[in-house]
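Have a look at the structure below, then the notes.
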Amino acid sequence: MKILHIISQHPESTGSGFYLQNIIRQASAEGHDNFLIAGISGRRLPELDCIDQQFCRFVWFDGGDLDFTIPGMSDVMPYASSRFSDLTASQLVGYEQSFAQTIRHTVDEFSPDIVHSHHLWLVSSIARRVCTDIPMVTSCHSTDLRQFRQCPQLGQKVLPHCQKIDRVLALSHEQKKNIQSLYGIADERIDIVGGGYDAKMFTLHKKDKPEPVQLVYAGKLSFAKGVNWLVQTFLGLAQDNLHLHLAGSGSGSEAAQCLALAKSGGAAITVHGRISQSELARLMGRSHIFILPSFFEGLPLVLLEALACGCRIISTDLPGCRELLGGAPQDLIEFIQLPILQDIDRPNPADLEELQARLAGAITTMADRVRRAPSPSAEERNRITSVFDWKSVFQRIISAYTKVLAGKTADPNS
């Protein structure tokens, strides 16, 4: 097949970008031809080892095709970004025109058999409008559902065309329910394909004696990811036998506040900044506990990566996290119960003290387990991670492609 992949943001900086790259790798390995359209900024081409630059076309922001900062699917991105909710009418027109023109030119040149876009949001809506006669599937990554709730006017703009996408690929059962509820897309047009991790890169490491116990967080430095309350909680613990690593980047005031908090921890906190996947695998390999304190997630594959490297896990009790690791024994996972959130990804400030107490208790409990047994059970770790390889995920995606190409789609208006 000839597959046209479309993503609106940097294809190498976020979870959806890594997901996209792995799909392209699997498609190439199975002999399919791939072409990529992506949004980029900063006058820097992305570093991609999954596809040659001659089979890529980019929409440039910040003075290229468009003179404003690239909007992110999250309000805080690991690079300079704007928010969809803040786009002016003229910026929105320019955004739509640039992506529509790029998609048209690429379709004329590449003649794809199928379009695979990412996020049930503006670019997928544009692609469906442009590619009316080409079969199309779209992967949901949950940040699109968040945008739909937070930007209702733009949500109503994208809805009619997103409803005409032939098939939607969901990461989890919970996400599928949300897609049905928000977009009114019929059950039979949504396939649960899940997500995977690179089992060759993220592999089991024997853990050193925990002096101190090594804790790690990897992801965006933002409040929605819970980095501020993680650091605040860590600072309130006796830190002689604990060390916290923060891997990732952010932008704006939230990232600045997270970094200022981390700096106040002195030698007990190491800030790594943005690192490559191979560097992350090495960091996880020498860490004992991975912490995901996020208030909003889809299917956080970073949990699988950490578990595959032999980390025990502390995570907020979100549906996607529970779907991945709900069957893990208590020795491997501690879930932090969240209160009712004030916003989709913000707790009520009055609940923060209780949240910090719960997280502190989980860190203390898990650190004690590490000291008794630095490396967790390999058997239990393998039982959970073995079903999440990218080859299996891509076979489920191919099944969705096949249904679309065979014309087995429901009436978009049903």
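Numbers at a glance
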read-out: Meets criteria (among the hydroxyl-bearing types (S, T, Y), at pLDDT 90 or above and outside the structural domain of D351 (by TED's automatic domain parsing)) for T203; value: yes
read-out: Count of the range 119-148 residues which are under 18 Å from the mean Cα position of the chain (by Cα) and more than 15 Å from D166 (Cβ to Cβ); value: 12
read-out: Among the candidates S181, S172, residue that is free of Cβ contacts under 8 Å to residues at least 24 places away in the same chain, closer than 25 Å to L318 by Cα, out of contact with any Pro (no Cβ under 6 Å at 6 or more places or on another chain) and not assigned by TED's automatic domain parsing to the domain that holds M366; value: S181
read-out: Members of the range 82-136 that are of a type in the set (S, T, Y), assigned to a helix (DSSP H, G or I) and within 27 Å of G194 (Cβ to Cβ); value: S124, S125
read-out: Test: residue in the range 327-336 that is of a type in the set (V, I, T), buried (at least 23 other Cβ atoms within 10 Å of the Cβ) and touching a residue at least 24 places away in the same chain (Cβ under 8 Å); value: no
read-out: Residue within the range 223-233 that is crowded, with 23+ Cβ neighbours inside 10 Å and on the phi > 0 side of the Ramachandran plot present; value: yes
read-out: Pick from the range 168-190, criterion part of a helix (DSSP H, G or I) and polar (S, T, N, Q), ranking: nearest to G15 (Cα to Cα); value: Q175
read-out: Condition check for D191: more than 18 Å from the chain's Cα centre (by Cα) and not polar (S, T, N, Q); value: yes
read-out: Residue that is modelled with the lowest pLDDT, among those in the range 390-411 that are in contact with a helix residue (DSSP H, G or I) (Cβ under 9 Å, 6 or more places away or on another chain) and surrounded by fewer than 17 Cβ atoms within 10 Å (Cβ to Cβ); value: A410
read-out: Matching residues in the range 302-327 - criterion: being closer than 19 Å to N382 by Cβ, more than 16 Å from the chain's Cα centre (by Cα) and β-branched (V, I, T); value: I313
read-out: Residue satisfying condition, being of a type in the set (F, W, Y) and touching a residue at least 60 places away in the same chain (Cβ under 8 Å), within set F18, F61; value: F18
read-out: Y19 being under 22 Å from G219 (Cα atoms), touching a Gly at 6+ places or on another chain (Cβ under 8 Å) and outside any loop (DSSP other than H, G, I, E, B); value: yes
read-out: Options L154, L92; residue that is among the aliphatic types (A, V, I, L, M) and surrounded by 16 or more Cβ atoms within 10 Å (Cβ to Cβ); value: L154
read-out: Flag for R57 being closer than 25 Å to Q101 by Cα, of a type in the set (D, E, K, R) and outside any loop (DSSP other than H, G, I, E, B); value: yes
read-out: Yes/no for S111 being surrounded by fewer than 20 Cβ atoms within 10 Å (Cβ to Cβ), among the polar types (S, T, N, Q) and closer than 18 Å to I3 by Cα; value: yes
read-out: Close pairs (8 angstrom Cβ cut-off, 6 or more residues apart or separate chains): in contact (Cβ under 8 Å) with a residue 12 or more places away in the chain in the range 226-238, acidic (D, E) anywhere; value: N228/E254
read-out: Condition met for L145 (over 14 Å from Q175 (Cα atoms) and either in a helix (DSSP H, G or I) or aromatic (F, W, Y) (or both)); value: no
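Here's the yes/no breakdown for (1) more than 28 Å from E297 (Cβ to Cβ); (2) loosely packed, with under 14 Cβ neighbours inside 10 Å:
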position	(1), (2)
H32	yes, no
L36	no, no
S41	no, no
D52	yes, yes
G63	yes, yes
M73	no, no
D86	no, yes
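The values are calculated or read from the model by the stated rules, or taken from the named source; none is laboratory data. Quick caveat, the model's predicted, so the values are computed rather than measured. Note that we place each Cβ from the backbone using ideal geometry, even for glycine, and neighbour counts take in every protein chain shown.
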